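Report on the following structure.
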Amino acid sequence: MNRVLPASSLLYAVALPPLVILGLFFVVPLCYLLFVSFMTNSGTSLFDLEPTLINYAEIFTDSFYLLIIRRTLLSTAIVLILCLLIGYPVAFYAARLSARGRMIMLMVMMVPLMVSNVVRAYGWVAILGRRGLVSSSLTGVGLIERPVQYLYSFEAVTLGLLTILLPFMIVSLTNSLTTIDTRYTEAAYSLGASPWRAFLRVTLPLSSPGIASGLMLVTFLTLSAYVTIALLGGPRYKLLVSLVFDSVTTFRWPRAAALSFALLIIALIIAVIIQLVVRPNRVQGKG
Amino acid sequence: MGAVFLRLIVGIALTLIMGPILVVLIVSFSSGDALVFPPPGFSLRWFVEFFGIAEMRNAFMLSIVLALTSACASALLGLLGAIYVSRNRNGLSTFLQMLIMAPLVFPALILGLALLLLYKTVNMSVLPGLFIAHVVVCLPYAFRAVLTSLQSFDTTLEEAGQSLGAGPVRSFMLITLPIIWPGVLSGWLFAFVVSFGELNTALFLTGPGIVTLPIEIFSYLQFQGNQLVVAAASALQVLIILFVLVLAERLVGAKQLVQR
Amino acid sequence: QSKPESLAMMTWGGLWGDGMAKNVDTPFAEKTGVKIVQDRGSSPVERITKLKISLGNQVYDLVQLHDGVVPLAEAQGVLEELDPNSQNLPFLAAVPDRFKRKGWVAMIYSALGIAYNPNLVKKPPTSFADLWNEDYRGQIVLPEITHSIGPYIIPIGAMAAGKDARDGEAGFDMLGKMAALDPIWAKDTDTIMSALVNEEAAVGLLYKSQTYTVRQQGGKVEWVFPKEGAISYLSGTGIAKNTKNKALAEQYVNMTIDPSTQGWVAEVFNYGGTHPDTLAKLPVELQERVQFSPEETARIVDLDQEFMSANRGQWTDRWNRIVSGG
Amino acid sequence: MKTDSTTSAGASDVRFVSVEKSFETATALHSLDLEIERGTLFALLGPSGCGKTTTLRLIAGFEQPTRGQVYIRGKDVTGIPAYKRSFGMVFQNFALFPHLSVTENVAFGLQMRGIGKDVIRQKVAAVLDLVALGKFADRYPRQLSGGQQQRVALARAVVFEPDVLLLDEPLSALDKMLREQMQVEIRQLQHRLGMTTVFVTHDQEEALTMSDRVAVMNHGRIQQAGTPKDIYDRPRTEFVATFLGASNILEGHVRGREGVRAVVDVAGNLVQVSGTPVSKGKLRFALRPEKIVLDPQSGIRAVVKDVIYRGAQTFLYLDMGGIALNAVLQNTAATPADIETGTSVGLSWETASAVALEDPT
Amino acid sequence: MKTDSTTSAGASDVRFVSVEKSFETATALHSLDLEIERGTLFALLGPSGCGKTTTLRLIAGFEQPTRGQVYIRGKDVTGIPAYKRSFGMVFQNFALFPHLSVTENVAFGLQMRGIGKDVIRQKVAAVLDLVALGKFADRYPRQLSGGQQQRVALARAVVFEPDVLLLDEPLSALDKMLREQMQVEIRQLQHRLGMTTVFVTHDQEEALTMSDRVAVMNHGRIQQAGTPKDIYDRPRTEFVATFLGASNILEGHVRGREGVRAVVDVAGNLVQVSGTPVSKGKLRFALRPEKIVLDPQSGIRAVVKDVIYRGAQTFLYLDMGGIALNAVLQNTAATPADIETGTSVGLSWETASAVALEDPT
Ligand SMILES: Nc1ncnc2c1ncn2[C@@H]1O[C@H](COP(=O)(O)OP(=O)(O)OP(=O)(O)O)[C@@H](O)[C@H]1O
Ligand SMILES: Nc1ncnc2c1ncn2[C@@H]1O[C@H](COP(=O)(O)OP(=O)(O)OP(=O)(O)O)[C@@H](O)[C@H]1O
Ligand SMILES: [Mg+2]
Ligand SMILES: [Mg+2]
């Protein structure tokens, strides 16, 4: 019988290339790292072939690690909220621009990301440093007496992360918002909704794929944004990812691997929460 | 009132995003020796200096090529993955989604090490290895962007295409793709940007003589490298990429106008 | 064994790599016809990792490291032993033992002491202990733990407390007190220097050699040899384990300690060359910059790098708890 | 402006004064004047693309006129955005919220008015029963058939009993039975609440049965407005005559007058035409096919060209001295079942059925 | 499988064998059997939500049956994806490509078949003229009115002259005039090309006038299939009788037989009912309102409850001994204009007009 492949197997084929690439070049190394994370840290080798749970046990029992995890979660939450609060209006604005305007805006926001984080941090130092723009103009105006260091603080890290992550949020949201048919807003108006309520009840839920995408990108990037955190936070404000790098500099690969998995698990949990809260699939009429 | 508020936030956001880079851009034209803002005067000396460093030039070229190729590859793979995820709600779809997103958060340095070990065992040479690593790292961005668009795409349009005799591939190319094009484009841009700035995975994967620009900059700054040279390099980077983008927009952008 | 086109060397980028390229690599290529390709992309620990992973099929020939990580490199077995009898290493024998390890030989030396800005500091510090001073609150610049000399703050603290340099407890005790003074933690030496140049910091830990760099950049600093003794700092070259070009690599290492050319490190970086004959070949003014008096030399502290290296992981954690855990 | 708005009578709920609406590519409405009295059910009737939806969207405020003013309750609302006007609307393409269930869609308007949960539950259940969708309360729009979606849209628009109800072909996707049922429901609701209702339809029968007043549009202009009977019986233009049910458009020379009627010579037959002042020259008039009866005695004769059976009726295609003429006979037992193609028949009609047309020949 | 597919007759183009289709939340089709002969124009008729669109989508291959088989040209196509079947389709919601202009939308199917540019240009122009959209060739879908969009959808589906044409309420957004015009066009096209056409409509008149065969569906089941006249004149169930035009459903006791007919006592009146084998007990039968004529001599009498004027017709609501009865009179000159509410009238009809119903009482 010359029955052809049904459409679903074609769909299956579509999933194959990413599965294969990631399987070979992500899952395989990851499995190896998982194995490593259960080995003992070694002074004479990458790791010693002695199975142990200590690398994980440490993370979830030690109060210092717990503090770092709490701090990581808190800063992620704050960055997420700020990104959403600032990003949404901007995306809303961008979605109303012409296709060309949106394109230009997209570029304006993406191009700075191409500059190395290290260099961008110089920008921040030049702005926030003790002798930076803010400090010197404030002293100039006489608002503060002595130059103040705005760097190496929670605020600096948040600000730094915002500058890098906002574009991801804005572009995700803009993509989503532009696809929403205006007739839905019109329908809401016809039902007596004020613009604000029409936004809350219709536009916002219909943009949930964009919100989910934006939030996920921002979460994942915040969790792994080592360079920005290190440059703007300094050693006083370390997050989980900083500890991964500290483990590497001290040649403790098993521990670095274990911390990485902890990070991965936290990220995936947050991703699941985002998925559950934002429910991007409801746009297609599924609860 | 609302409009003013909106503009204000747009202004704030653009300032945040552009601020530090603008400072660096302006400072790169400094005539002074140190990175201070505002600069004491203006000159092009740091650009001249930059061009004198062969390693920087080579790294810049490598990074551009790498970013272009890996952005294309990730956009393609991300598109494929997003198609599957948006059309299926099963275990594999959830798994695939998580799998594609995972490299985003897994500390790249560690991933780089594991990849290096893998490459050593299969004897992969440096350039393809670097390319694959970039694809793995950029894929999540491209994937998410495309998925966003696909989730709001009305699939009856594809059915219409099939009823007109277009196979699934053709209806995808001729109907779905043009409509979700902005999503694919921003996915590609995401990937390009990320690849271009990717530092940590590549730390382990670069080889003697094969260095990407972020690493070159990073190492240059390791030991009393002049920050202004790096600022000039960055400024140049931004200008060249802006130029390419504007050119691309001129070439393909007009087609976009009617889309909504 | 056929002659390769090039040797691969892992080292620092920036001015250092450029300096090496100009003053060592180029003459080496002229002499042997073999180019040096620098791999500047990684930190010292990463270099060791790369060597370790490549052991089976070594793609590197040379590696430059500072003294702090050499014990790690040796423990990991990534360095070839330097054979003092090799005909390719004629200068090795002349280099004093404190500048050598089994698989590594320093090409530069300096010492870590205290730098201060006379404009900002009324009473110049004379010892490490003087740094623990309320007057310097927020104005002391120190290397943070991930800096290659980051862990030195522990022995320095111990010494400041009048204890043995290996007394970790005393060191961490002092670290706690220092952290309370809100110092500027610098991730690299450049940051220490720029903090001093732009007068963010009034005092800090700095190599003697870098004092001159700070001055060249317009900073006003004086360097003090602390009462407890300055801490030795070395940086040099080793040969990658299982290199395929050992003889050439040896010739290169030899070139790094050639007294006839080693003077460039003084000219460019104000470092002393490790070959005893190098000093004499320098102009007097430069000699002064890089030289330590015999009395000072006697008081230079050679930290027990093996001990430090063995404790590095644990100390890093402990340091983090104190500085970042608050 | 001010004077304008105060002079407009209080009784008119919606008033268009020379409203023009142009899109980038085309002009949809040309200088439209319209007046809809409070509490009436007003039907907008017209062919596809004549501007019905556009008119509705102008009332709603989704579009702003290119020229002219829109008044609602005597107030100039030109420029006032949609959400400040109070109305319920059924969109031509339904515009159901895809992320909300049927219940949630219908409850939306009530929630916006801050009505209590219990009341909402009751009202939603009641209106869903009204549109026969009680069982579908928890479905999402994409799980419904076309007609079901349309009924949800209707339920959503009426449930909060708006002052003005705008319906854009609200019954087009329904079968006749359901449609008639819904027509009755809408009519009753409209009567009970006295809401001004503007009803777009392309179904002239619907317009005639349901509405208090009808406006027939064509090419962005209103051709005639009035009560259904008025418009049906006394069409002013050929377009109105033919659009509202079939009509024979005949032309002849005026031969004289008989009281208020003109006597017209059509292909040799003398016919009386009412409602015209002319007593000379050419005259066009309309004659509805169903007004024609077979009358063997009549002097007006025609040849049967074709006979078509159509359920309740039989259609006759006739040739009256070279002029094509259609007639419709009801299939009662009395209908001569033996009309055959090619035979000659006699025709007659009431003189009032032949109506003179205004538009130029 | 193999045997199954070969046994099915070659003449049937589409065949459903006990097809069932369930969605997560509901079953849309229950064990559907259907046979559509090659070259026929087949109408699917039924109320909203009865499963018409679902049936069409099963033929198209957009849905796969939960149970049962679908054959096309004798081949079991269950599981074969849509694009491997050759058909043109008009979707209920049009599904026009928003990024393509009208011309490009229409040209799409031709391009897929690798037809030359010049031919495409000609064909597209011709079909756009057919649907009276020649002027709109360069517009984008969102710049068109609802009816215009629907016509583009129609043009797009027919332009490449598919073997099978699936039309999901293709004329629902059109006014009567345009609609009748399109009906003729579709019919002609269908005849000329001999394409099997499945036509979903909720308009029984359309189904009756246009199609060769009609299937009446309800609740996911086919109630009756046959020629239009068959179904109209001899409905088998109450549903079919009432859905296809109005019908009075009467009930009475069988009193005896008169030849092939039963004599039934309805509220005291003796009525002959054809097409029934029963000679005892209760019987339900259908009588179309237009079959009823006023007959002063008749013994069957009823009281006039209401008179409604409706354009070409007048509706009478009657009470025949407690049983409600509707009648429709055509507004000819002969119609007694003076029927008044409350008066008693005599009724008569041809005996063949009263048709017995099958479904259980
Ligand atoms: N995706 C779905 N999920 C659940 N139920 C569905 C889905 N699609 C259709 N149905 C249900 O199946 C039944 C048949 O739907 P279908 O669309 O075939 O009706 P239809 O005859 O085309 O009606 P209409 O004339 O209103 O378009 C309806 O009751 C509908 O609610
Ligand atoms: N956005 C637009 N851009 C350009 N032309 C438009 C636009 N919207 C409508 N038109 C045109 O304006 C005219 C009137 O459109 P409208 O939608 O009011 O028609 P309609 O009477 O509702 O027709 P239908 O019965 O087909 O829905 C049409 O010719 C249409 O093509
Ligand atoms: Mg319309
Ligand atoms: Mg349907």
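The values are calculated or read from the model by the stated rules, or taken from the named source; none is laboratory data. The shown structure was predicted, so the numbers you read here are calculated from the model rather than taken from an experiment. Here the Cβ positions follow ideal geometry from the backbone for every residue, glycine too, while neighbour counts run over all protein chains shown. Areas reflect the complete protein model, heavy atoms only, side chains present, ligands, DNA and RNA absent. Shrake-Rupley method; radii C 1.70, N 1.55, O 1.52, S 1.80 Å.
A few comments on the model shown:
- Any hit, the range E:73-81, residues being of a type in the set (D, E, K, R), open to solvent by 30 Å² or more (accessible area, probe 1.4 Å) and more than 16 Å from ligand 1 (Cβ to nearest atom): yes
- Checking each residue in the range C:233-287 for being closer than 21 Å to C:Lys208 by Cα, open to solvent by 20 Å² or more (accessible area, probe 1.4 Å) and part of a helix (DSSP H, G or I) picks out C:Glu267, C:Val268, C:Leu279, C:Ala280, C:Lys281, C:Val284, C:Glu285, C:Gln287.
- Only one of B:Phe172, B:Phe190, B:Phe153, B:Phe131 that is open to solvent by 30 Å² or more (accessible area, probe 1.4 Å) and aromatic (Phe, Trp, Tyr): B:Phe131
- Leading residue by the ranking (most open to solvent (accessible area, probe 1.4 Å)) among those in the range E:15-26 that are of a type in the set (Val, Ile, Thr) and at pLDDT 90 or above: E:Val17
- Residue check for A:Leu113: more than 26 Å from B:Phe5 (Cβ to Cβ), touching a residue at least 24 places away in the same chain (Cβ under 8 Å) and surrounded by 22 or more Cβ atoms within 10 Å (Cβ to Cβ): yes
- Filter pass, B:Ser195 being under 30 Å from A:Met114 (Cβ atoms), in contact with a His (Cβ under 6 Å, 6 or more places away or on another chain) and hydroxyl-bearing (Ser, Thr, Tyr): yes
- Residue match in the range A:139-155 (condition: in a helix (DSSP H, G or I), within 25 Å of C:Glu144 (Cβ to Cβ) and not charged (D, E, K, R)): yes
Here is a yes/no grid of residues against (1) of a type in the set (Val, Ile, Thr); (2) out of contact with any strand residue (DSSP E or B) (no Cβ under 9 Å at 6 or more places or on another chain); (3) exposed (fewer than 15 other Cβ atoms within 10 Å of the Cβ); (4) within 14 Å of chain D (Cβ to nearest Cβ):
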{"site": "E:Arg261", "(1), (2), (3), (4)": "no, no, no, no"}
{"site": "E:Leu270", "(1), (2), (3), (4)": "no, no, yes, no"}
{"site": "E:Asp295", "(1), (2), (3), (4)": "no, no, no, yes"}
{"site": "E:Lys305", "(1), (2), (3), (4)": "no, no, yes, no"}
{"site": "E:Thr314", "(1), (2), (3), (4)": "yes, no, no, yes"}
{"site": "E:Tyr317", "(1), (2), (3), (4)": "no, no, no, yes"}
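- The set of residues from the range E:40-60 being over 20 Å from E:Glu24 (Cβ atoms) and either within 16 Å of ligand 3 (Cβ to nearest atom) or more than 12 Å from chain D (Cβ to nearest Cβ) (or both) comprises E:Thr40, E:Leu41, E:Phe42, E:Ala43, E:Ile59, E:Ala60.
- Yes/no for B:Gly225 being under 21 Å from C:Leu15 (Cα atoms), at pLDDT below 80 and facing chain C (nearest Cβ under 7 Å): yes
- Residues within the range E:110-139 that are under 32 Å from the mean Cα position of the chain (by Cα) and surrounded by 20 or more Cβ atoms within 10 Å (Cβ to Cβ), tallied: 8
- Complete set of residues in the range C:72-93 that are outside any loop (DSSP other than H, G, I, E, B) and open to solvent by 10 Å² or more (accessible area, probe 1.4 Å): C:Leu72, C:Glu74, C:Ala75, C:Leu79, C:Glu80, C:Ala93
- Conditions (1) within 14 Å of chain E (Cβ to nearest Cβ); (2) of a type outside the set (Phe, Trp, Tyr); (3) crowded, with 20+ Cβ neighbours inside 10 Å; (4) not in a loop (DSSP other than H, G, I, E, B); number of the one not met by D:Gln224: (1)
Conditions tested, residue by residue: (1) within 20 Å of D:Thr237 (Cβ to Cβ); (2) at pLDDT 80 or above.
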{"position": "D:Ile249", "(1), (2)": "yes, yes"}
{"position": "D:Val254", "(1), (2)": "yes, yes"}
{"position": "D:Glu258", "(1), (2)": "no, no"}
{"position": "D:Ala262", "(1), (2)": "yes, yes"}
{"position": "D:Asp265", "(1), (2)": "no, yes"}
{"position": "D:Ser274", "(1), (2)": "yes, no"}
{"position": "D:Ser279", "(1), (2)": "no, no"}
{"position": "D:Arg284", "(1), (2)": "yes, yes"}
{"position": "D:Leu287", "(1), (2)": "yes, yes"}
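To keep it simple, each residue is scored yes or no on (1) in contact with a Lys or Arg (Cβ under 7 Å, 6 or more places away or on another chain); (2) assigned to a helix (DSSP H, G or I); (3) of a type in the set (Lys, Arg); (4) buried (at least 24 other Cβ atoms within 10 Å of the Cβ).
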| residue | (1), (2), (3), (4) |
| --- | --- |
| A:Thr174 | yes, yes, no, yes |
| A:Ala188 | yes, yes, no, yes |
| A:Thr222 | no, yes, no, yes |
| A:Val227 | no, yes, no, no |
| A:Leu231 | no, yes, no, no |
| A:Ser247 | yes, yes, no, yes |
| A:Pro254 | no, yes, no, yes |
| A:Gln275 | no, yes, no, no |
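- Residue count for the range C:193-216 under the criterion of being within 14 Å of chain A (Cβ to nearest Cβ) and either closer than 16 Å to C:Asp130 by Cα or part of a loop (DSSP other than H, G, I, E, B) (or both): the result is 5.
The rows are residues; the columns are (1) more than 16 Å from ligand 2 (Cβ to nearest atom); (2) in contact (Cβ under 8 Å) with a residue 24 or more places away in the chain; (3) open to solvent by 40 Å² or more (accessible area, probe 1.4 Å).
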site	(1), (2), (3)
E:Val159	yes, yes, no
E:Val164	yes, yes, no
E:Glu169	no, yes, no
E:Glu185	yes, yes, yes
E:Arg192	yes, no, yes
E:Val198	yes, yes, no
E:Arg213	yes, yes, yes
E:Lys229	yes, no, yes
E:Val240	yes, yes, no
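- Complete set of residues in the range C:152-192 that are in a helix (DSSP H, G or I), free of Cβ contacts under 8 Å to residues at least 40 places away in the same chain and away from chain A (no Cβ under 14 Å): C:Gly157, C:Ala158, C:Glu169, C:Ala170, C:Gly171, C:Asp173
- Highlighted here are the helices (runs of 4 or more DSSP H) found entirely within the range D:1-120 that include at least 1 residues which are over 30 Å from D:Asp138 (Cα atoms), assigned by TED's automatic domain parsing to the domain that holds D:Ala132 and of a type in the set (D, E, K, R): D:52-60.
- Considering the range D:125-159, the residues that are more than 7 Å from every other protein chain (Cβ to nearest Cβ) and not in a helix (DSSP H, G or I) include one that is farthest from ligand 3 (Cβ to nearest atom), namely D:Asp138.
- Residues that are touching a strand residue (DSSP E or B) at 6+ places or on another chain (Cβ under 7 Å) and either open to solvent by less than 10 Å² (accessible area, probe 1.4 Å) or hydroxyl-bearing (Ser, Thr, Tyr) (or both) within the range C:105-120 comprise C:Val105, C:Ala106, C:Met107, C:Ile108, C:Tyr109, C:Ser110, C:Ala111, C:Leu112, C:Gly113, C:Ile114, C:Ala115, C:Tyr116, listed in sequence order.
- All of (1) surrounded by fewer than 24 Cβ atoms within 10 Å (Cβ to Cβ); (2) touching a Pro at 6+ places or on another chain (Cβ under 6 Å) hold for B:Val137 with one exception: (1).
- Failed item in (1) more than 7 Å from every other protein chain (Cβ to nearest Cβ); (2) in contact with a Leu (Cβ under 6 Å, 6 or more places away or on another chain); (3) surrounded by 24 or more Cβ atoms within 10 Å (Cβ to Cβ), with A:Leu263 passing the rest: (1)
- Of the criteria (1) within 9 Å of chain A (Cβ to nearest Cβ); (2) under 21 Å from A:Ala257 (Cα atoms), which one B:Tyr119 fails: (1)
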